[in-house]
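The values are calculated or read from the model by the stated rules, or taken from the named source; none is laboratory data. Remember, it's a predicted structure, so these values are computed and weren't measured experimentally. Ideal geometry is used to build each Cβ from the backbone, glycine not excepted, and the neighbour counts take in all protein chains shown.
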């Protein structure tokens, strides 16, 4: 399985997974041209996507979704609430497939299931990608964890997990009070501390990779997020940080 982190942050999020020649895109918060450029730079030069999965309707996850679906002639998949909430952003698309939280889609060499997250969107999803030798969990926008999230992410050999903000930087920063409250709420975004606690809850000795995702450019620093994660996983897990303006090289997971 190869994972591409094309962009991760408050201005745009996009991922791709590929196994045995089959690929799916996950979120499309980039323009069509930038998405294509990041695919090439990440090493996905011959990708053949089967679908675009959408986690929720916020613009940093869907603003390029319609363009990308039309370019590749692929369906957009998400919960009923998500697809309804972003239908005006999508425009005319080749097709739509419902992926309600708690259900799954089989893509032949791997399957994708979705689970519910606590975020201020219509019906947001995290994703689990399973193949013959591994399990990848993706949870990038959530204000809090809980038993469902921990159960869903248990047993993952690789994670893409939100480490959005440092609490001191958030409360001491320049954001207006109402925005600080939204980010720190139970339906906002995970702090470094909360994310590291979630990582500790699902960590096991067969976990190999964790990508720290959706870092705030205003309220976090990569070294702070990495320090919090390494206090949990130490050197036993390959810790990488997804960035807003540069893709990570394709990861073999």
Of 224, 212, 199, the only residue that is in contact with a helix residue (DSSP H, G or I) (Cβ under 7 Å, 6 or more places away or on another chain) and not in a helix (DSSP H, G or I) is 212
Please go through (1) out of contact with any helix residue (DSSP H, G or I) (no Cβ under 6 Å at 6 or more places or on another chain); (2) within 30 Å of residue 218 (Cβ to Cβ); (3) free of Cβ contacts under 8 Å to residues at least 40 places away in the same chain; (4) not in a loop (DSSP other than H, G, I, E, B) for residue 66 and return the number of the only condition it doesn't satisfy. (1)
For the range 28-48, state whether one or more residues are within 24 Å of residue 188 (Cβ to Cβ), touching a residue at least 40 places away in the same chain (Cβ under 8 Å), out of contact with any helix residue (DSSP H, G or I) (no Cβ under 8 Å at 6 or more places or on another chain) and surrounded by 15 or more Cβ atoms within 10 Å (Cβ to Cβ). no
Would you call residue 88 at pLDDT below 95 and over 22 Å from residue 23 (Cβ atoms)? yes
For the range 3-24, which positions are in a loop (DSSP other than H, G, I, E, B) and within 21 Å of residue 222 (Cα to Cα)? 8, 9, 10, 11, 12, 13
Quick one: which residue in 37, 60, 27 is part of a helix (DSSP H, G or I) and within 13 Å of the chain's Cα centre (by Cα)? 60
Within the range 210-223, take every residue that is without any contact (Cβ under 8 Å) to a residue 60 or more places away in the chain and crowded, with 19+ Cβ neighbours inside 10 Å and give me the one that is nearest to the chain's Cα centre (by Cα). 212
Check 14, 85 and return the single one that is under 19 Å from the mean Cα position of the chain (by Cα), surrounded by fewer than 21 Cβ atoms within 10 Å (Cβ to Cβ) and on the phi < 0 side of the Ramachandran plot. 85
Checked 64, 4 against criteria (touching a strand residue (DSSP E or B) at 6+ places or on another chain (Cβ under 7 Å), over 21 Å from residue 136 (Cβ atoms) and surrounded by 17 or more Cβ atoms within 10 Å (Cβ to Cβ)); the one match is 64
Contacts under 6 angstrom Cβ, first residue in the range 149-176 being at positive phi and at pLDDT 95 or above, partner outside any strand (DSSP E or B) and surrounded by fewer than 23 Cβ atoms within 10 Å (Cβ to Cβ), 6 or more apart: none
